[in-house]
Amino acid sequence: MSRAPITPEPAATNFSQDRLILAIVAAYAAAFIAFGLAIDGPGEVVRGIAAILTSRDTLLTDYFGIGGIGGSLVHTGILTLLACALYHHVRAPIGGASLACLFLLLGFGLFGKNLLNVWFIIAGVWIYARFRGEPFAKHINTAFFGAALAPVVTEILFSTVLPTAVSLPLAVATGLLISFILPPAAAQLSKAHMGFALYNVGFTAGLIGVLVVALLTSYDLVPKPVFIWTTGNNLQLGVFMGGMLLSLMMLGLAIDRRAPVRLKAVLRSSGQAPSDFIALAGLGATLLNIGLTGLLAMVYILAIGGDINGPVIAGLLSVAGFGAFGKHPFNITPVMVGVVLGSVAKPWGIADPAIQLAALFSTNLAPVSGHFGWRWGTLAGYVHSSAALSVGPVHGGLNLYNNGFASGIVASVLVPVIIAINEAQKRRRQP
C-alpha cells in the first residue's frame with residue numbers, strides 16, 4: 001500500500017517532447033493573451049494588469065473583478081509564458097507533473113498568483129536548491145506549485161499597518177523563508193496521505209500558512225477577509241474554455257491516432273501519486289484525457305448554474321491539468337458526487353461559490369475512488385465539502401490551495417481508516 005513519497009518532479013522525458021509540451025502550453029497562454037486583447041484592448045489591459053499587481057490576493061480574489069476580463073487573461077498568459085521560458089532555460093524534464101503545474105499556473109494567474117508575488121516564492125526554492133547543491137530543475141515544480149503562498153508576500157507588502165520601509169523587506173524575507181522550507185516539508189508531508197491527495201504542496205502550504213497567520217496575529221497583523229467573485233460572463237468565457245478543452249482533445253488525436261486505445265490505460269489507473277500519464281500512455285492519450293476531464297468539470301459547473309470566472313477557470317484548469325498526473329473521468333466523478341450530496345444534506349446551496357470550488361478542487365482526492373472504489377471516493381468528497389469550508393480561517397486565506405489543504409487532511413485521516421477496515425474484512429473472509 002505504501003508508495004514512494006510524492007515529489008512534483010516529473011519522470012525523465014526526451015528533449016524534443018519536452019519542447020513540444022512547452023510549446024503547447026505556450027500556445028494556449030498566447031491564446032489567453034490574444035483573447036484578452038480582443039475583449040478589452042491594450043489600454044484597458046495595461047490598466048487592468050496594474051490594478052492586479054497592486055491588489056491583495058488573499059482568498060477569495062477574482063482578478064476579473066479587479067483588472068477586468070481582458071487584463072486578467074493577458075496577465076495570466078504573460079505569467080505562464082515566463083514560466084515556460086524558465087522551464088526551458090533550466091532544461092527541466094517535462095512530464096505529467098510539470099504539465100499539471102503549468103496548467104495550474106495558467107488558471108491561478110486569474111486568482112491570486114501574479115507577476116509580482118510569485119517570484120519571491122520561486123527565488124526561495126531556488127536558494128534551497130543552491131543550498132542543497134542540486135539543480136533548480138529538480139525543484140521547479142515545487143517552486144511554481146508553492147506559489148500558492150504568494151498572497152503572504154502581497155499581504156505584508158501592501159499592509160496598511162506597516163510603513164513601506166518595514167513592509168517591503170519583511171515581505172521579501174518572509175516570501176524567501178517560507179519557500180525555502182517548502183521543499184523538505186512537502187517531501188515529508190507526502191507520507192501522511194500516501195499519494196491519495198494529488199495537491200501535496202497545497203497540503204504543505206496550508207500548514208505553513210497556519211504558522212504564518214499565527215505569527216502575524218501575534219503582532220496584530222491579522223489578514224482581512226476578501227471576497228471578489230464576478231458573474232454574468234458564462235457565455236463568453238464558456239465558449240472560450242470549451243474551445244480550449246476541445247482543441248486539446250483534437251490535438252491529442254493529431255499527435256497519436258491510437259490515443260483512444262492508449263487512454264484505456266489511463267482510465268484503469270487509480271491515480272495514486274505519482275501517476276505520470278504521459279509516461280504511462282503517451283502525450284496524445286494524456287491530452288485527450290485532459291480535454292475530457294476538463295470538459296466534464298465544465299459541464300458540471302454549467303449544469304448547476306454556476307459561474308465561469310477567475311477562480312472557477314482556475315478550478316477547471318486544475319482538474320484538466322491534473323489529467324496528466326492522476327485524474328481521469330472515472331476517478332473524479334465519485335468525489336464530485338460526494339460534494340453534491342454534501343451540499344444537499346448541509347445548509348448551503350450547490351451553486352454557492354465555495355461549493356462550486358469545493359466540487360472542482362475536491363478532485364484532488366480522485367485516487368481515493370480510483371484505488372478503493374467509488375463508495376469511498378464519494379465519502380471522501382462528502383467529508384471534503386465540510387472540511388473545505390472550515391479550514392480557510394486557520395490560514396487566513398493566505399494559501400490559495402485551500403481545498404488542497406482540506407483534502408490533504410481528509411486523505412491523511414480517512415485513508416488509514418479505509419486500509420484498516422479493508423484489512424479487517426479481508427481477514428474475516430479468510431478460512
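The values are calculated or read from the model by the stated rules, or taken from the named source; none is laboratory data. Just so we're clear, the structure is a prediction, and the values are computed from it rather than from any experiment. Methodologically, a virtual Cβ is constructed for each residue, glycine included, from the backbone with ideal geometry; neighbour enumeration extends over all protein chains shown.
Structural remarks
- Filter pass, Ser55 being of a type outside the set (Val, Ile, Thr), assigned by TED's automatic domain parsing to the domain that holds Ala143 and modelled with pLDDT under 95: yes
- The lone criterion from (1) touching a helix residue (DSSP H, G or I) at 6+ places or on another chain (Cβ under 6 Å); (2) among the polar types (S, T, N, Q); (3) outside any loop (DSSP other than H, G, I, E, B) left unmet by Asn114 is number (3).
- When Gly370 is tested against the conditions (1) farther than 20 Å from Ser190 by Cβ; (2) among the small types (Gly, Ala, Ser); (3) modelled with pLDDT of 95 or more, the lone failure is (1).
- Residue in the stretch 86-103 that is assigned to a helix (DSSP H, G or I), at pLDDT 95 or above and either assigned by TED's automatic domain parsing to the domain that holds Pro416 or among the polar types (S, T, N, Q) (or both) present: yes
- In this structure, Ala148 qualifies as hydrophobic (A, V, I, L, M, F, W, C) and farther than 17 Å from Ala273 by Cα.
- Tyr401 passes every criterion in (1) closer than 29 Å to Ile156 by Cβ; (2) surrounded by fewer than 24 Cβ atoms within 10 Å (Cβ to Cβ); (3) touching a helix residue (DSSP H, G or I) at 6+ places or on another chain (Cβ under 7 Å) apart from (2).
- Test: residue in the stretch 305-314 that is touching a Pro at 6+ places or on another chain (Cβ under 8 Å) and either in the same structural domain as Ala148 (by TED's automatic domain parsing) or in contact (Cβ under 8 Å) with a residue 12 or more places away in the chain (or both): yes
- Pairs with Cβ under 9 Å, 6+ apart, first in the stretch 166-177 and in the same structural domain as Val118 (by TED's automatic domain parsing), second among the aromatic types (Phe, Trp, Tyr) and not in a helix (DSSP H, G or I): Ser167/Phe158; Ala171/Phe158
- Matching residues, the stretch 55-82, being closer than 26 Å to Val213 by Cβ and in contact with a strand residue (DSSP E or B) (Cβ under 9 Å, 6 or more places away or on another chain): Ser55, Leu60, Thr61, Asp62, Tyr63, Gly65, Ile66
- When the stretch 130-144 is limited to residues that are of a type in the set (Gly, Ala, Ser) and surrounded by fewer than 21 Cβ atoms within 10 Å (Cβ to Cβ), the one that is farthest from Ala97 (Cα to Cα) turns out to be Gly133.
- Some residue of the stretch 402-414 being in contact with a Pro (Cβ under 8 Å, 6 or more places away or on another chain) and farther than 19 Å from Ser318 by Cα: no
- Single residue of the stretch 199-218 satisfying the filter (crowded, with 22+ Cβ neighbours inside 10 Å and of a type in the set (Val, Ile, Thr)) that is nearest to the chain's Cα centre (by Cα): Val201
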